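Q: The structure is given below, and queries will be raised subsequently.
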Amino acid sequence: MNLHEYQGKEILASYGVTIQRGKVATTAAEAVAAAKELTEETGTGWHVIKAQVHAGGRGKGGGVKLAKNLEQVEEIAGQIIGMDLVTPQTSAEGKRVHQVLVAEDVYEPGEVEVEEFYMSVLLDRAQGKNMIMYSTEGGMDIETVAEETPHLIFTETIDASHGLQGFQARRIAFNLGLSGKAFKEMTKFVAALYNAYVGSDSALFEINPVLKASDNRIIAVDCKITLDENALFRHKDLAAMRDTREENATEVEAKAVGLNYVDLDGNVGCMVNGAGLAMATMDLIKQAGGEPANFLDVGGTADAKRVEEAFRIILKDDKVEAILVNIFGGIVRCDRVAQGIVDAYKNMGDAINVPIIVRLQGTNAEIAKELIDNSGLDVQSAVEFQEAADKVQAVIG
Ligand code: GDP
Ligand code: MN
């Protein structure tokens, strides 16, 4: 589950990571009030207005702008709130901005020049250990740095049973070319950041840029956090941070009725029981010359109600040209599933406007096939995998 920048920064701050302070606003007037409060707290009159959407590259898309006075805060916040922000990481339609973060400008020039670094914390699956990845080249895409100057990316692997060691934090500060106060600040920053990552059961932290300010403080300017969904049950406060407006609407709806659904780009919808069979079915669709429109695992109870919910979810996607139902009747009997499909189909009437191919295999598969064939509905049945693939191929042409 992804978080907004402002939510991620709340987590960081609670673990003692120094952040660029800010306040969230949903209107231009709120943004002005937020800027006034911030000026009282921080003493700075300059602010940065940042679109809060689940996408990176906001700066490039015009979603991060500097305001030198309250008039500019009002004007810029007014422009950004409500816009469809297009960045290199969004679709061409962009993402609607519902709120902005009004933050203190931490780049104000002083005696020492500011520097931008890159830092992320993630799981290195190959080693089965957490890893801090960092670079002197902050503020730009890490993918570009990896391509053009890979020697400027460093990693520090952390053994979970020992945690981050002092020498590791010092090595990071050293490799980033720091000394004096900034060196010490960086070691504290890294330790707090790692604690926040472990404590929040996160899957990914990306802080780009980490700023060395002109007063040598080390500050998280940006913050992208992905929480581990499987650990959310022990973080009710973090689970409450979910912003469903940022997620695929159909996926949110499917989750609400307990269906395991992932939206994909293809033309053949699929309804399957069991994640493994769902993966195999997606392969089958590809071999038949189609592309899967979704991943959908209906789980163990494929009764009429559930089948109907699944059909409705699949049909919300107007790229769907056919639906392949592939159910293995192990615990659930095929004839019951077939009856569920027939009942759901009759109940939905005109809502079903694409051909349906049903493959039922397992207990009572033959009875199930008869039920489907005698239903008088526009549903084709198959018993063998290949037979189902051929029928899909025939209907999508
Ligand atoms: P992203 O584009 O989605 O990664 O959003 P960021 O939060 O990283 O902001 C984009 C860029 O805006 C950063 O790389 C900074 O260079 C710049 N930026 C962010 N905050 C400030 C600020 O307070 N002052 C100035 N001058 N620039 C900022
Ligand atoms: Mn960034």
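The values are calculated or read from the model by the stated rules, or taken from the named source; none is laboratory data. No experiment lies behind these values; they were computed from the predicted model shown. We place every Cβ from the backbone using ideal geometry, glycine too, and count neighbours over all the protein chains shown. Ligands, DNA and RNA are excluded from the accessible area calculation, which covers all protein heavy atoms including side chains. Shrake-Rupley method; radii C 1.70, N 1.55, O 1.52, S 1.80 Å.
Q: Taking the solvent-accessible surface of protein heavy atoms with a 1.4 Å probe, what is the per residue accessible area of the chain in Å²? If you can, show how the numbers build up before the last one.
A: Values: 18480 Å² over 397 residues.
Accessible area per residue: 47 Å².
Q: Something else now. Roughly what % antiparallel, to the nearest 5, for the DSSP beta bridges in the chain? Present the calculation step by step, with values, prior to reporting the outcome.
A: On the way: 47 of 66 bridges.
Close to 70 percent.
Q: Taking the simple approach of a point 7 Å from Cα along Cα-to-Cβ for both Val257 and Leu152, what is their distance in nm?
A: The two pseudo-label positions are separated by 5.1 nm.
Q: Given points 7 Å out from each Cα along the Cα-Cβ axis, report the Glu384 to Asp84 separation in nanometres with one decimal.
A: 4.8
Q: Right, another one. Taking 7 Å along the Cα-to-C-beta vector as the label spot, tell me the Ser91-Leu204 distance in nanometres, rounded to one decimal.
A: Those two pseudo-labels are separated by 2.0 nm.
Q: Rounded to the nearest 500 deg cm²/dmol, what is the calculated helix-only ellipticity per residue at 222 nm for the chain, with -39500 (n - 2.57) per DSSP H run of length n ≥ 4?
A: Values: 13 runs with 146 residues, N = 397.
Taking each H run of at least 4 residues, the total per residue is -11000 deg cm²/dmol.
Q: Pulled fully out, how much extra length does the chain show between Glu111 and Ala29, if you take 0.36 nm times their separation in residues and subtract their Cα-Cα distance? Spell out each step's value before the answer.
A: Values: separation 82, 0.36 × 82 = 29.52 nm, distance 3.46 nm.
Gain on stretching Glu111 to Ala29: 26.1 nm.
Q: Among 327-333, 165-171, how do they line up by average Cβ neighbours within 10 Å per residue, starting with the highest?
A: Working: 327-333: 18.3, 165-171: 15.0.
Listed from highest to lowest mean packing, they are 327-333, 165-171.
Q: Relative contact order (percent) for segment 31-70, with alpha-carbon contacts under 8 angstrom and 6 or more residues of separation? Don't jump to the answer; show the numbers that get you there.
A: On the way: 34 pairs, mean separation 17.4, N = 40.
That works out to 43 percent.
Q: While we're here: I need the calculated FRET efficiency for the pair Lys316 and Glu75, taking r as the beta carbon distance and R₀ as 35 Å, to the nearest 0.05.
A: Working: r = 39 Å, r/R0 = 1.10.
The pair Lys316/Glu75 has a calculated efficiency of 0.35.
Q: Cα to Cα, under 14 Å, and not fewer than 8 places away if on the same chain: which aspartates and glutamates meet these conditions relative to Lys391?
A: Glu321, Asp378
Q: Show which aspartates and glutamates lie in cross-link reach of Lys305 when reach means a straight Cα distance below 14 angstrom and same-chain residues fewer than eight apart are skipped.
A: Counting by Cα, and skipping residues close in sequence, Lys305 has these aspartates and glutamates nearby: Asp343.
Q: If I compute solvent accessible area with a 1.4 Å probe over the protein chains, what percent of it on segment 22-105 is carbon and sulfur?
A: Working: 1880 of 3780 Å².
The C+S portion of the solvent-accessible surface of segment 22-105 is 50 percent.
Q: Under 8 Å for C-alpha pairs, at least 6 residues apart: give me the relative contact order for the chain, rounded to a whole percent. Don't jump to the answer; show the numbers that get you there.
A: On the way: 798 pairs, mean separation 48.4, N = 397.
Worked out over the chain, it gives 12 percent.
Q: What percent does the relative contact order of segment 248-396 come to when contacts are Cα pairs within less than 8 Å and at least six residues apart? Don't skip to the end; give the middle numbers.
A: Values: 312 pairs, mean separation 34.0, N = 149.
Computed over segment 248-396, the figure is 23 percent.
Q: Aspartates and glutamates within cross-link reach of Lys68: Cα-Cα under 19 Å, excluding same-chain residues under 8 positions apart?
A: Glu30, Glu37, Glu40, Glu41, Glu104, Asp105, Glu108
Q: Let me ask another. Quick one: putting +1 on the C-beta of Lys and Arg, -1 on the C-beta of Asp and Glu, what dipole do you get for the chain around its Cα centre, in Debye to the nearest 20? Mind dumping the intermediate values first?
A: Details: 38 positive and 60 negative charges, 182 e Å.
It works out to roughly 880 debye.
Q: Further question on the same structure: Give the percent of DSSP beta bridges with both residues in segment 248-396 that are antiparallel, rounded to the nearest 5.
A: Once the DSSP bridges in segment 248-396 are tallied, antiparallel ones form about 20 percent.
Q: Next question, about the same structure. So which GluC sites (Glu not before Pro) in segment 65-147 pass both tests, a DSSP loop state and at most 16 other Cβ atoms within 10 Å of the Cβ? Numbers along the way, then the final one.
A: Numbers: sites: Glu71, Glu74, Glu75, Glu93, Glu104, Glu111, Glu113, Glu115, Glu116, Glu137, Glu143, Glu147; in loops: Glu93, Glu111, Glu113, Glu137.
Counting only loop positions with at most 16 other Cβ atoms within 10 Å, the GluC sites (Glu not before Pro) in segment 65-147 are Glu93, Glu111, Glu113.
Q: Sticking with this structure for a sec: List, in the order given, every pair from Lys9/Lys316; Lys95/Lys129; Lys95/Lys236; Lys65/Lys212; Lys255/Lys369 whose Cα-Cα distance in the structure shown is over 24 Å. All intermediate terms of the calculation are to be shown ahead of the outcome.
A: Values: Lys9/Lys316 36 Å; Lys95/Lys129 34 Å; Lys95/Lys236 27 Å; Lys65/Lys212 20 Å; Lys255/Lys369 30 Å.
Where the Cα-Cα span goes over 24 Å, the pairs concerned are Lys9/Lys316; Lys95/Lys129; Lys95/Lys236; Lys255/Lys369.
Q: Which peptide among 374-382, 296-304, 121-129 comes first, and what is the full order, when sorted by highest mean count of other Cβ atoms within 10 Å? Display every interim value, and only then the final one.
A: Values: 374-382: 15.9, 296-304: 19.2, 121-129: 13.6.
So the order, starting with the most tightly packed, is 296-304, 374-382, 121-129.
Q: Roughly speaking, to the nearest percent, how much of segment 327-397's 1.4 Å accessible area is carbon and sulfur? Don't skip to the end; give the middle numbers.
A: Details: 1660 of 3540 Å².
Answer for segment 327-397 is 47 percent, counting heavy atoms of protein chains only.
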